[in-house]
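Here the structure comes first, spelled out in structure tokens, and everything after it is commentary.
The values are calculated or read from the model by the stated rules, or taken from the named source; none is laboratory data. Bear in mind that the values here come from a model prediction, so they are computed numbers and not experimental data. For neighbour counting, all protein chains shown are included, and Cβ atoms are generated from backbone atoms with ideal geometry for every residue, glycine included. Accessible surface areas use protein heavy atoms only, side chains included; no ligands, DNA or RNA. Shrake-Rupley method; radii C 1.70, N 1.55, O 1.52, S 1.80 Å.
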Amino acid sequence: MDTMVTLNDGNRIPAVGFGVFRIPADGPTYEAVRHALQADYRHIDTAAAYFNEADVGRAVADSGIPREEIFVTSKLWLQDYGYEAASKGIDASLSKLDMDYVDLYLLHQPYGDVAGAWKALEDAKAAGKIKSIGVSNMTPRIWNTFVPQFDTLPAVNQVECNPFFQQKELRAILDKDNVKIEAWGPLGQGNSALLTHPVITAIAEKHGRNAGQVILRFELQEGIIVLPKSTNPERIAGNLQLFDFELSGAEMDQLRALDTGKGSHDPEAPGIGEMLLANYKVHD
Ligand code: A2P
């Protein structure tokens with residue numbers, strides 16, 4: 001299996017990325033990204049609403065690795081939806097990252113003037129500020145509401161995805177247009193019922209791997225881009241060691257059978273857009 005995935009716009013993305021959600025700014029994010037790059041991650045996933053774009057930018061710059069060898073994703077926050085605000089929001093991300101371009105830029109949440117914000121992403125792509133554009137947290141229903149209004153198809157939809165919530169309905173829709181799923185919470189956000197599930201631990205033992213590696217390899221073999229989180233240096237490195245073993249067809253079927261069809265986050269819950277907007281302010 002290739003360590004890179006080709007997107008529907010022709011760009012290539014490393015299949016495993018390092019996410020920095022909830023890692024504090026002013027030190028910890030910088031250290032975590034430096035460490036991840038040393039451990040050979042070449043894909044970093046941040047967002048305006050993570051408040052640590054500047055630390056990511058400094059860590060990438062200080063790594064000595066050429067910028068074009070590192071795939072950087074950021075995301076536009078809800079406060080900046082609508083065309084004008086989104087155009088400024090994209091520039092604010094580039095300025096905080098101190099970069100000329102980002103490899104992938106997403107609409108972080110699907111509420112408000114999504115179509116206007118998307119148009120700004122399309123124009124920023126045409127201007128060379130963004131290489132690929134995508135969305136996040138779109139359920140099948142939300143996808144079918146907004147995406148038909150777009151001129152350009154998203155390259156990715158970053159959603160909650162793990163063996164207990166395999167997003168089968170959404171994947172069937174996205175597969176038709178070769179839109180890739182990026183999994184946030186690919187390890188179930190540390191859910192011990194998942195990480196100690198007997199089906200997973202038995203497969204892990206057979207391959208001499210840990211449970212997290214089996215889960216991530218399963219997702220990769222399903223064609224999903226994964227963004228695992230860990231604060232443990234050994235697991236950070238191990239979560240990239242996924243390309244030297246393979247799950248059999250029977251093992252894949254066993255893992256597919258763990259799907260419950262339900263996740264921890266419901267993007268269609270009433271009032272969620274307002275709640276998110278009230279709780280995260282990326283500027284005054
Ligand atoms: P830790 O930081 O101690 O490694 P997700 O990526 O789905 O949000 O899940 C993150 C959680 O999964 C964290 O609690 C992390 O704990 C744990 N984790 C990360 N990698 C592994 C692994 N390879 N095996 C088991 N647990 C892991």
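Scan region 57-70 for residues that are open to solvent by 10 Å² or more (accessible area, probe 1.4 Å), outside any loop (DSSP other than H, G, I, E, B) and of a type outside the set (A, V, I, L, M) and the total you get is 5. Take the conditions touching a Pro at 6+ places or on another chain (Cβ under 8 Å) and either open to solvent by 50 Å² or more (accessible area, probe 1.4 Å) or more than 27 Å from LEU78 (Cβ to Cβ) (or both) and apply them to ASN239. Does it pass? Considered against the rule, which asks whether it is touching a Pro at 6+ places or on another chain (Cβ under 8 Å) and either open to solvent by 50 Å² or more (accessible area, probe 1.4 Å) or more than 27 Å from LEU78 (Cβ to Cβ) (or both), ASN239 comes out as yes. Can you pull out the residues in region 184-214 that are open to solvent by less than 40 Å² (accessible area, probe 1.4 Å), within 8 Å of the ligand (Cβ to nearest atom) and in a helix (DSSP H, G or I)? The answer is GLY188, ALA211, GLY212, GLN213. Only one of the numbered conditions (1) within 25 Å of TYR50 (Cβ to Cβ); (2) surrounded by 13 or more Cβ atoms within 10 Å (Cβ to Cβ); (3) away from the ligand (no atom under 16 Å from the Cβ) is violated by GLU268, and that is (2).
Please work out if GLY223 is more than 16 Å from the ligand (Cβ to nearest atom), at positive phi, touching a strand residue (DSSP E or B) at 6+ places or on another chain (Cβ under 8 Å) and not basic (Lys, Arg). Judged against the criteria, GLY223 is a match. Here LEU121 meets each of (1) open to solvent by less than 40 Å² (accessible area, probe 1.4 Å); (2) assigned to a helix (DSSP H, G or I); (3) touching a Ser or Thr at 6+ places or on another chain (Cβ under 9 Å); (4) within 24 Å of GLY27 (Cα to Cα) with one exception, condition (4). The set of residues in region 19-51 being within 15 Å of the ligand (Cβ to nearest atom), open to solvent by 10 Å² or more (accessible area, probe 1.4 Å) and in a helix (DSSP H, G or I) consists of PRO28, GLU31, ALA32, HIS35, TYR50. Kindly indicate the residue of region 163-180 that is outside any loop (DSSP other than H, G, I, E, B) and open to solvent by less than 10 Å² (accessible area, probe 1.4 Å) and also nearest to SER264 (Cα to Cα) among those meeting that condition. Ranking the qualifying residues of region 163-180, first place goes to LEU170.
Out of everything in region 81-93 that is open to solvent by less than 20 Å² (accessible area, probe 1.4 Å) and of a type outside the set (S, T, N, Q), what residue ends up being farthest from LEU153 (Cα to Cα)? Ranking the candidates gives GLY89 first.
Return a yes/no flag: does region 243-262 have any residue that is within 13 Å of the ligand (Cβ to nearest atom), open to solvent by 50 Å² or more (accessible area, probe 1.4 Å) and in a loop (DSSP other than H, G, I, E, B). There is no residue in region 243-262 that is within 13 Å of the ligand (Cβ to nearest atom), open to solvent by 50 Å² or more (accessible area, probe 1.4 Å) and in a loop (DSSP other than H, G, I, E, B).
For TYR30, are the conditions met, namely being in contact with an Asp or Glu (Cβ under 7 Å, 6 or more places away or on another chain), closer than 21 Å to SER230 by Cβ and free of Cβ contacts under 8 Å to residues at least 40 places away in the same chain? Walk me through it before giving the result.
Working: in contact with an Asp or Glu (Cβ under 7 Å, 6 or more places away or on another chain): yes; closer than 21 Å to SER230 by Cβ: yes; free of Cβ contacts under 8 Å to residues at least 40 places away in the same chain: yes.
Answer is yes for this residue.
ARG235 falls short on exactly one of the conditions (1) within 15 Å of the ligand (Cβ to nearest atom); (2) touching a residue at least 60 places away in the same chain (Cβ under 8 Å), and that condition is (2).
Of note, ALA54 satisfies the criterion of being more than 18 Å from LEU170 (Cβ to Cβ) and either at pLDDT below 95 or open to solvent by 20 Å² or more (accessible area, probe 1.4 Å) (or both).
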